[in-house]
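Here the structure comes first, spelled out in structure tokens, and everything after it is commentary.
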Amino acid sequence: MTLSGKRILVTRSVEQAGELSALVRRAGGIPVLLPTIRLTHPGDCGSLDREIGRLSSFDWILFASANAARFFCARAVRLGVGPWPGTLRVASVGPGTSKELAARGVPVHRTAEKHTGEGLFEALLPAGIRGKRFLLPRAEEGREILRDAIAREGGEAVSVVAYRNGLAEKDEAAAAEIVSRPPDVCTFASPSAFRNLFLLLGEGEARSMLSRTRIAVIGEVTARAVERRDFRVDIVPETYTLKGMVDAVQAFFAAHRSADPR
């Protein structure tokens with residue numbers, strides 16, 4: 001079953017909205033764009049540049065998001081670093097991140113089965129952690145759960161900011177449209193995409209709109225961010241990719257053929 005004219009809110013950044021929008025159109029849906037996040041390089045790249053220059057001193061580099069992979073690899077290329085040391089192992093949080101790395105010619109040696117920071121940590125355990133050095137590129141606002149878990153196991157984890165995840169500029173026309181006519185499904189690929197919706201629309205308007213739609217998210221961390229604001233997550237894909245999310249939205253409507261927005 002296709003999405004047959006269903007309106008799907010896309011909250012990804014301007015640079016990243018194209019892939020999800022194309023998948024929605026291919027499934028017969030109508031993408032409604034309201035970017036809630038804006039991705040940029042760190043204000044100061046000094047620490048990032050320093051660790052890129054020390055890649056050979058690390059046993060592993062761990063990517064907990066596709067954005068971390070994209071910004072880190074782009075910075076390494078800009079600095080003229082490559083190929084990466086043959087002794088450096090690369091681990092990814094999930095298929096979307098592995099795809100981003102593969103597109104940039106970076107081999108992935110391990111992909112987490114559970115696509116969270118905790119799952120990435122668990123994927124490392126069989127290879128051993130004690131006495132090894134790990135580089136963790138992350139968002140400026142990123143969690144430090146992975147770093148702390150590695151430290152507890154006797155490893156040395158160096159966390160470095162690879163990008164900033166800020167608030168997008170408000171598209172007034174798009175915001176007015178979704179408030180007056182809520183989409184059939186609102187999609188969120190990160191906790192910040194969800195949180196920033198409230199900053200752009202205002203608490204009252206965001207709550208009113210979300211109470212009259214369905215919510216689809218990628219990942220447990222994003223789902224928890226939604227639930228903390230007392231909303232129900234209707235759709236979580238088994239595969240944490242954009243295609244997986246669109247497939248899950250299609251499956252939801254196939255199973256609820258008369259489902260209308262709340």
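The values are calculated or read from the model by the stated rules, or taken from the named source; none is laboratory data. The model shown is predicted, which means the values in this text are computed figures rather than measured ones. Glycine also receives a Cβ, built like all others from the backbone with ideal geometry; neighbour counts cover every protein chain displayed.
Looking at (1) more than 24 Å from Ala139 (Cα to Cα); (2) aromatic (Phe, Trp, Tyr); (3) outside any loop (DSSP other than H, G, I, E, B), which is the one condition that is false for Phe198?
All conditions are met except number (1).
Kindly indicate whether Ala69 is small (Gly, Ala, Ser) and in a strand (DSSP E or B). Talk me through it step by step, then tell me what you get.
On the way: small (Gly, Ala, Ser): yes; in a strand (DSSP E or B): no.
Answer is no for this residue.
I'm told Ala162 meets every condition in (1) closer than 21 Å to Gln16 by Cβ; (2) surrounded by fewer than 20 Cβ atoms within 10 Å (Cβ to Cβ); (3) touching a residue at least 24 places away in the same chain (Cβ under 8 Å) except one. Can you identify the failing condition by its number?
(2)
Going residue by residue through the range 187-203, is there one that turns out to be basic (Lys, Arg), at pLDDT 95 or above and either crowded, with 20+ Cβ neighbours inside 10 Å or not assigned by TED's automatic domain parsing to the domain that holds Ser57 (or both)?
Filtering the range 187-203 down to residues basic (Lys, Arg) leaves 195.
With at pLDDT 95 or above added as a condition, the list becomes 195.
If we keep only those that are either crowded, with 20+ Cβ neighbours inside 10 Å or not assigned by TED's automatic domain parsing to the domain that holds Ser57 (or both) as well, we get 195.
Yes, there is a match, as at least one residue in the range 187-203 is basic (Lys, Arg), at pLDDT 95 or above and either crowded, with 20+ Cβ neighbours inside 10 Å or not assigned by TED's automatic domain parsing to the domain that holds Ser57 (or both).
Kindly indicate whether any position in the range 40-63 is modelled with pLDDT under 95, of a type outside the set (Asp, Glu) and crowded, with 19+ Cβ neighbours inside 10 Å.
no
Testing Glu220 on (1) at pLDDT 95 or above; (2) surrounded by fewer than 17 Cβ atoms within 10 Å (Cβ to Cβ); (3) more than 30 Å from Arg50 (Cβ to Cβ), one condition comes back false. Which one is that?
So the condition that Glu220 fails would be (1).
Does any residue in the range 95-123 that is touching a residue at least 60 places away in the same chain (Cβ under 8 Å) come within less than 7 Å, Cβ to Cβ, of a residue that is charged (D, E, K, R) and part of a helix (DSSP H, G or I) six or more places away or on a different chain, and which pairs are these?
Correct list of pairs: Thr116/Glu220.
Restricting to the range 204-262, name every residue that is polar (S, T, N, Q), touching a residue at least 24 places away in the same chain (Cβ under 8 Å) and over 26 Å from Glu118 (Cβ atoms). Even if it seems obvious, please write down each step before you answer.
Residues of the range 204-262 that are polar (S, T, N, Q), as a first pass: 208, 211, 213, 222, 239, 241, 250, 258.
Pick out the ones that are also touching a residue at least 24 places away in the same chain (Cβ under 8 Å) and you get 208, 211, 213, 222, 239, 241, 250.
Within the range 204-262, Ser208, Ser211, Thr213, Gln250 meet the criteria.
Taking the condition surrounded by 22 or more Cβ atoms within 10 Å (Cβ to Cβ), more than 28 Å from Gly166 (Cα to Cα) and touching a helix residue (DSSP H, G or I) at 6+ places or on another chain (Cβ under 9 Å), does Leu124 pass? Spell out the reasoning first.
Values: surrounded by 22 or more Cβ atoms within 10 Å (Cβ to Cβ): yes; more than 28 Å from Gly166 (Cα to Cα): yes; touching a helix residue (DSSP H, G or I) at 6+ places or on another chain (Cβ under 9 Å): yes.
Yes: the conditions hold for Leu124.
Can you work out which of the residues in the range 18-38 that are of a type in the set (A, V, I, L, M) and either modelled with pLDDT under 95 or more than 14 Å from the chain's Cα centre (by Cα) (or both) is surrounded by the fewest Cβ atoms within 10 Å (Cβ to Cβ)?
As a first pass, look at the range 18-38 and keep what is of a type in the set (A, V, I, L, M): 20, 22-24, 27, 30, 32-34, 37.
In the following step, the residues that additionally are either modelled with pLDDT under 95 or more than 14 Å from the chain's Cα centre (by Cα) (or both) were identified as 22-24, 27, 30, 32-34.
Working: Ala22: 13, Leu23: 22, Val24: 25, Ala27: 19, Ile30: 15, Val32: 22, Leu33: 17, Leu34: 24.
By that ranking, first place goes to Ala22.
Please verify whether the range 71-81 includes one or more residues that are more than 23 Å from the chain's Cα centre (by Cα) and surrounded by 15 or more Cβ atoms within 10 Å (Cβ to Cβ). Lay out the reasoning, then the answer.
As a first pass, look at the range 71-81 and keep what is more than 23 Å from the chain's Cα centre (by Cα): 78-81.
From what is left, the residues that are surrounded by 15 or more Cβ atoms within 10 Å (Cβ to Cβ) are 81.
Yes, some residue in the range 71-81 is more than 23 Å from the chain's Cα centre (by Cα) and surrounded by 15 or more Cβ atoms within 10 Å (Cβ to Cβ).
Restricting the first residue to the range 131-150 and requiring it to be in a helix (DSSP H, G or I), which pairs with a second residue that is among the hydroxyl-bearing types (Ser, Thr, Tyr) meet a Cβ separation below 7 Å and a spacing of at least six or different chains?
Correct list of pairs: Arg147/Ser159.
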